[in-house]
Amino acid sequence: MKRGITVLVSVSILAAVGYFTASKWAIRHETIRFHDASRDNRLVEVAVAVRRDKEMQAEAGMIKLPVAILNHGNTVKFTEYSFLANVLAARGYMAVSIQHDLPTDAPMVTKVGEPYVGRLPQIQRGVANIRFAVEQMRQLQPNADYDHLTMVGHSMGGDISMYFAKQYPDDVRKVVTLDNLRVPFVTDGKFKILSFRSKDPHFKTDPGVIPSDDVCEKEGITVVNTDFQHNDMRDTGPDDAKSSIQAMLDKFLADSDSASDIGPVQTKTPLLDPGPVAPYAPVGKTMTPAKPLTH
């Protein structure tokens, strides 16, 4: 794969609209509150997006849902990336967005010269949140593949995603970042990486984060240079930015799933697949399950 792909906005929007309006099947959204007893009963809130038909198949033991973990940017809420969660859910993934920081957390203090400009404690906290949330979701939805995660993150969330992949490479299947600035890419070729880069004078990527063209080509890393601003890459961003990112993310998922030995859906008998899902189909109100796991 070549580095420096430029997003073609008009083509991407048409592709995204055509794909996501192709099916009547809806995506279910749910918010769940967990508490981590090992960290002073810390609240770890997650938003889950999953196709209803795929979830029913998983509950019947017919498939195992692939799992994607979404990580938000600094000061951004975990609920502000539904445009990504819906693409993943439409592809048959169970998308789990995690809230990493709380109002009671100490403010982040950056300092040049320290690892990741002083953000290592917050990144490590995010990793701990991911590991805890995954174990809680394993109990709620056991028929999902938690051993081959797809990590997705914007900005600080992209750094958390890449750091998690570096620490637990055997648990990661793919990594998708949107303008992560601090943590260098993993370059051992163990998993595919897709990264969208902004054209924003106020958000500069640290030296050494993005590998050279040759390394990207060799290790299966796709870097997409866009004309979007750093903060365009979330739900509040312009529609053309979100549609373009959706289209390329969907293609990346389709290509990497078909090329992988671990398919996104594993079945013992052939199943009818209703196809893609319109990401903004009405699904009712977000709700908390009757029996959330708490400690």
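Would you mind getting me the FRET efficiency between Asp255 and Asp40? Use the beta-carbon distance for r and R0 = 41 Å, nearest 0.05. Intermediate values should be presented prior to the final figure.
Numbers: r = 43 Å, r/R0 = 1.05.
For Asp255 and Asp40, the calculated efficiency is 0.45.
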(request) Using packing as a proxy for protection, rank 110-120, 87-97, 173-183, 49-59 so that the peptide with the highest average count of other Cβ atoms within 10 Å comes first. (result) 87-97, 173-183, 49-59, 110-120
(message) Just to check I understand the Karplus step: with θ = phi - 60° and J = 6.51 cos²θ - 1.76 cosθ + 1.60, what whole-Hz values come out for the range 191-196, glycine and proline as x?
(response) 8, 6, 10, 10, 9, 8
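Hey, with R₀ at 41 Å, roughly what FRET efficiency would Arg52 and Leu102 work out to, going by the Cβ-Cβ distance, to 0.05? Intermediate values should be presented prior to the final figure.
Details: r = 31 Å, r/R0 = 0.76.
E between Arg52 and Leu102, to the nearest 0.05, is 0.85.
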(message) Could you compute the net charge surrounding Arg182? Neighbours are other residues with a C-beta less than 9 Å from the C-beta of Arg182; K and R count +1, D and E count -1.
(response) -1
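Taking K and R as +1 and D and E as -1, what net charge do the other residues with C-beta under 11 Å from the C-beta of Tyr81 add up to?
+1
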(message) Assuming 0.36 nm per residue, please report the length gained on full extension of the stretch Arg138 to Asp170 beyond their Cα-Cα distance.
(response) 9.8 nm
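Multiply the residue separation of Lys77 and Glu30 by 0.36 nm, subtract the distance between their alpha-carbon atoms, and state the gained length in nm to one decimal.
Values: separation 47, 0.36 × 47 = 16.92 nm, distance 1.52 nm.
Difference between extended and current length: 15.4 nm.
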(request) Return the subset of Lys54/Lys199; Lys54/Lys190; Lys64/Lys166 for which the Cα-Cα distance in this structure is over 31 Å, preserving the input order. (result) Lys54/Lys199
(message) Could you check the spin-label model distance between Met62 and Thr236? Points 7 Å from the Cα along Cα→Cβ, value in nm.
(response) 4.1 nm
(message) Viscosity 0.692 mPa s, temperature 37 °C: give me the Stokes-Einstein translational D for the range 181-254 in µm²/s, with Rh taken as the Kirkwood radius over C-alpha pairs.
(response) 246 µm²/s
(message) Translational diffusion coefficient of the range 55-202 at 4 °C, 1.567 mPa s, Stokes-Einstein with Kirkwood Rh over Cα pairs, in µm²/s as a whole number.
(response) 82 µm²/s
(request) For the range 5-259, just the Cα atoms, rotate onto the principal axes and tell me the three extents in Å, largest first. (result) 52, 49, 34
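Just so you know, all these numbers are worked out from the coordinates, no wet-lab data involved. Keep in mind the model is a prediction, meaning the values are calculated, not measured. Note that each Cβ is placed from the backbone with ideal geometry, even for glycine, and that neighbours are counted across all protein chains shown.
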